[in-house]
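Bear in mind these aren't lab numbers, they're just calculated from the coordinates by the rules spelled out. All values reported here derive from a predicted model rather than from experimental measurement. Cβ sites come from the backbone with ideal geometry, for glycine too, and all protein chains shown count toward neighbours.
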Amino acid sequence: MRRIISILFLVSSFSALQGQAISSASIDSLVERSMKAFNVPGIAVAVIKDGKVIHSKGYGVRSLRTMERTDENTLFGIASNSKGFTAATLGILVDEGKIKWDDKVRDYIPEFKLYNPYVTEEFTIRDLLTHRSGMGLGAGDLMFFPDSSDFTLKDIIYNLRFLKPVSGFRTKYDYDNNLYIIAGEVVARVSGKSWDEFVEERIIKPLGMTHTAASFDRLKNTNDVIDGHAPVEGKVQVIARSTMKVGHSAGGINSSIADLSKWVQALLSHGKYGEGNTKRLFSEEVHRELWTPQTIIPVYNPGPYNTHFSSYGFGFGLSDVNGYKQVSHTGGLEGMVTQITMIPELNLGIIVLTNQQEGGAFSSITNQIKDAYFGRKGTDWVKDLSARRNQNLAGAQHLMDSIWNEIDGFQKSAKTKPELALFTGTYTDPWLGDIYISIKNGKPWFDSKRSPKLTGELFPYKGNTFVVKWRDRSMDADAFVNFSLDEQGKAAGITMRAISPLTDFSYDFHDLNFHRSK
C-alpha cells in the first residue's frame, strides 16, 4: 500500500491575516491521495493568490480509454460554474443601460409563463438568478438531463408553466437550472446574439481564455479534452460524453484551469483585468450585486468552519468560513464535477476540476488548501470525507440490496404474476411528454419518447409498484414506478420516485405525473 504522506505546511512571508501557504509539493501529495481515495482518474488544480497563479497543474489521466495525461490546458465541462458567467453577462447589459435587475422577465420574453399567474407577472431578472421561484429542487431538469433528450429552448420555456410550486414565491431556496436557461435567453433577446456568442465575445475572448467555449460543440480544438467517468457495477469507467445540447447558460461552458484562472483573477479584482487591471468586464456596482446575498440558505450546524450564514448571490454561493467571506460554486454533469472557491479578503482563488462524478475529491482538495491559508491545522479532509462517503455509499447500497432481494424473493415465490396487460400503454406527463410501458421479450419495459436514456426493465415490487432498472447503469438512478388503477383495475396513471438517497437531484422523477393517453 502506498504510504500516505501528510500535508506539509510551510511558514510563508504573508502577513498573519493571510495565514500560511501550502507548497506545490504538498498540493501534489494531496491530489494524489484524493484521486486514490475517491477513485478519480484525472484532476486539475489551480491556486490564485494576490493576482498571481501560484499553482496550476493536471494530475492523472484525462481518460481511462486513452490514458493520456491531464495538464493545465485539459478541458473539462465546468457545468454549473457557468452560472457565474451568465450572471456577469446580464451585469454587462445592466452596465450598458439595456436592462435592470428588477425588470420583469415577460418584458423580454412575453411567452414566459409559470404555474402561478401572479408569479409569472412579478418574476424579475433578479428572480431568475437566485433560486427562489417556489419550484422544487431541480424541477424540470429531466428536460435536459441525462444528456439525450430532444427538448428545445422553446419547449423548456413553454413547459415551465406545468411545474407546480412546492413553496411560496421568494420564500425559500431551491436550486434551479431551467431559470438560468431563461436568463441566457434574456441576454439573447436583448443583445441580438445567442448567449453563447455573447459570453464568448464579452468575457471569454477579452480575458484571453483561448481554449474555452460556451459549449462542447463550440470548442475549436478537442485534442486535450477529458472523458467523463462513473462507477458502473462497481468499476469506474468511461461513460457517454455529456455535451449539453440546450441550456448552455445553466451549465455548458468547457474550460481549463489555465483559462479559468483568468476568470477568477478578474472576479477577485472586481471585474478588472488586463495589464495593470486597466480594463473592465463589468462595473464595481455589478460586481457588488454578484457577491451580495440575495436568497437565504439555512445553516443548521456551524460545522468545521464555524459557518453561521449562507446565501446565494447572482451565480455564486456566499457564506462565512473561519471568519472570512467565501464565494464559491460547484458544477456537475454526467461523469464530471467541478468547484471554484474564492476568499476575497485573502485574495485567494482555488479551482478544482475532475473527470469523475465524485464531489468528495474536489471538496477534500479545496478544504485542505483553504486550511493552509487560514492557518488551520488538524483536519485530514481526504480521510474524513472519504470515510463519510464510504458510509453513505454503504447505506445506499444496503437499501438497494434490500429492495432487490425483495424483488428476487417475489419472483421466486409468487404463485401469480402481475397481469402485465393491465399496465402496458402510453402515458403522458404535461412537460416530459410520452412514455411507453410495453412488453419486450416477455419483460415489462419503460421507454421515454423524448429522453432516450430513460429506458429500462420494470420489475414487480409491491402491489401496483414496480422498480425500473435503467439500462444505462452509469445513471445510478433506479426508481419506483407507482401505478394508479381505475375502477376496472387497469392502470390509469404513474408517479415515480428515485430509490437511492444519493441519486442526483436532476433526476426529478417526483415532479412527474403521468396519465394514460392510449
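Taking a temperature of 37 °C and a viscosity of 0.692 mPa s, what whole-number D in µm²/s does Stokes-Einstein yield for the range 431-518 with Rh from Kirkwood over alpha carbon pairs?
Values: Rh = 13.4 Å.
This corresponds to a translational diffusion coefficient of 246 µm²/s.
Tell me what the chain gives for mean residue ellipticity at 222 nm when only DSSP H runs of n ≥ 4 count, each as -39,500 (n - 2.57), the sum divided by the residue total, rounded to 500 deg cm²/dmol. Each step should come with its number before you reach the end.
Numbers: 12 runs with 137 residues, N = 518.
Calculated at 222 nm, the ellipticity per residue is -8000 deg cm²/dmol.
Starting at the first residue of the range 492-505, write each ³J(HN,Hα) from the Karplus equation 6.51 cos²θ - 1.76 cosθ + 1.60 with θ = phi - 60°, in whole Hz, x for Gly and Pro.
Once rounded to whole Hz, the list reads 10, x, 9, 10, 9, 7, 4, 7, 6, x, 8, 4, 4, 5.
Report the far tail of the P(r) of the chain, meaning the percent of Cα-Cα pairs longer than 39 Å.
Working: 35640 of 133903 pairs.
Taking all Cα-Cα pairs of the chain, the fraction more than 39 Å apart is 27 percent.
Please name whichever of Gln368, Phe144, Asn39 sits farthest to the positive end of the charge dipole of the chain, dipole taken about the Cα centre and charges placed at Cβ: Lys and Arg +1, Asp and Glu -1.
After comparing all options, I get Asn39.
Applying the Karplus parametrisation 6.51 cos²θ - 1.76 cosθ + 1.60 with θ = phi - 60° to the phi angles of the range 509-516, what ³J(HN,Hα) value in whole Hz is obtained for each residue in order, glycine and proline being reported as x?
Each residue's phi maps through the Karplus curve to give 4, 5, 8, 8, 8, 8, 10, 4 Hz.
Restricting to DSSP loop positions (anything but H, G, I, E, B) with no more than 16 other Cβ atoms inside 10 Å of their own Cβ, which GluC sites (Glu not before Pro) remain in the range 413-518? Write out the running numbers ahead of the final one.
Values: sites: Glu419, Glu457, Glu487; in loops: Glu419, Glu487.
Counting only loop positions with at most 16 other Cβ atoms within 10 Å, the GluC sites (Glu not before Pro) in the range 413-518 are Glu419, Glu487.
Would you mind checking the range 435-453 for residues with the amide N under 11 Å from a putative spin-label position 7 Å along Cα→C-beta of Asp150?
Residues 449-452 qualify, since their backbone N sits under 11 Å from the label point.
For a quick check: with amide H placed at 1.01 Å from N, whose amide H comes under 5 Å from Ser484's, ignoring anything fewer than 5 positions away on the same chain?
HN-HN under 5 Å from Ser484: Ala492, Gly493, Ile494, Thr495.
Run the numbers for Asp50 and Glu285: contour at 0.36 nm per residue of separation, minus the present Cα-Cα distance, in nm.
Details: separation 235, 0.36 × 235 = 84.60 nm, distance 2.19 nm.
Taking Asp50 through Glu285 to full extension adds about 82.4 nm, to one decimal.
Set the bar at 27 Å for Cα to Cα. Now go through Lys412/Lys469; Lys262/Lys453; Lys100/Lys172; Lys443/Lys490; Lys193/Lys453 and name every pair that lies beyond it. Walk me through the numbers on the way to the answer.
Details: Lys412/Lys469 18 Å; Lys262/Lys453 37 Å; Lys100/Lys172 23 Å; Lys443/Lys490 18 Å; Lys193/Lys453 32 Å.
As for pairs spanning more than 27 Å Cα to Cα, those are Lys262/Lys453; Lys193/Lys453.
Hey, how many Å between the Cα centroid of the range 183-239 and the Cα centroid of the range 27-67?
20
With +1 assigned to the C-beta of every Lys and Arg and -1 to the C-beta of every Asp and Glu, and no other charges, what is the dipole magnitude of the chain about the Cα centre in debye, to the nearest 20? Working shown, then result.
Details: 60 positive and 58 negative charges, 138 e Å.
Charge dipole, the chain, about its Cα centre: 660 debye, nearest 20.
For the range 384-463, what D do you get in µm² per second when you plug the Kirkwood radius from alpha-carbon pairs into Stokes-Einstein at 37 °C and 0.692 mPa s?
Details: Rh = 15.3 Å.
Roughly 215 µm²/s, to the nearest whole number.
Extending each Cα 7 Å along its Cβ direction at Asp408 and Lys98, get the distance between those two points in nm, one decimal.
Here the modelled spin labels are 6.0 nm apart.
Once you sort the root eigenvalues of the Cα gyration tensor of the range 115-235 as a ≥ b ≥ c, which label holds: rounded (a/c under 1.5), prolate (a/b larger than b/c) or oblate (the other case)?
Numbers: a/c = 2.21, a/b = 1.34, b/c = 1.65.
It is oblate, given that a/c is not under 1.5 and a/b is not larger than b/c.
Using a 10 Å cut-off around each Cβ, can you sort Trp195, Trp101 from fewest to most neighbouring Cβ atoms? Don't jump to the answer; show the numbers that get you there.
On the way: Trp195 29, Trp101 17.
Fewest-to-most ranking of Trp195, Trp101: Trp101, Trp195.
For a quick check: with amide H placed at 1.01 Å from N, whose amide H comes under 5 Å from Val225's, ignoring anything fewer than 5 positions away on the same chain?
Leu75
Using Cα pairs under 8 angstrom and six or more residues apart, how large is the relative contact order of the chain, in percent?
17
Residue by residue through the range 284-293, what is 3J(HN,Hα) from phi via Karplus (6.51 cos²θ - 1.76 cosθ + 1.60, θ = phi - 60°)? Round to whole Hz and write x for glycine and proline.
Karplus values, whole Hz, x for Gly and Pro: 4, 5, 5, 4, 4, 5, 4, 9, 9, x.
Greater than 25 Å separation of Cα atoms is the criterion. Which listed pairs, Lys98/Lys279; Lys98/Lys272; Lys104/Lys245, meet it? Don't skip to the end; give the middle numbers.
Numbers: Lys98/Lys279 21 Å; Lys98/Lys272 21 Å; Lys104/Lys245 27 Å.
In this structure, Lys104/Lys245 lie more than 25 Å apart at Cα.
Extension gain His398-Lys193, at 0.36 nm per residue separation less the Cα-Cα distance, in nm?
Values: separation 205, 0.36 × 205 = 73.80 nm, distance 5.05 nm.
That works out to 68.7 nm of additional length.
Would you mind getting the Kirkwood hydrodynamic radius of the range 71-142 from its Cα pairs, rounded to one decimal in Å?
Details: mean 1/r = 0.0701 Å⁻¹.
In the range 71-142 this quantity evaluates to 14.3 Å.
Which whole-number percent gives the relative contact order of the range 419-516, counting Cα pairs below 8 Å spaced six or more residues apart? Let's see the in-between values first.
Details: 201 pairs, mean separation 21.5, N = 98.
22 percent.
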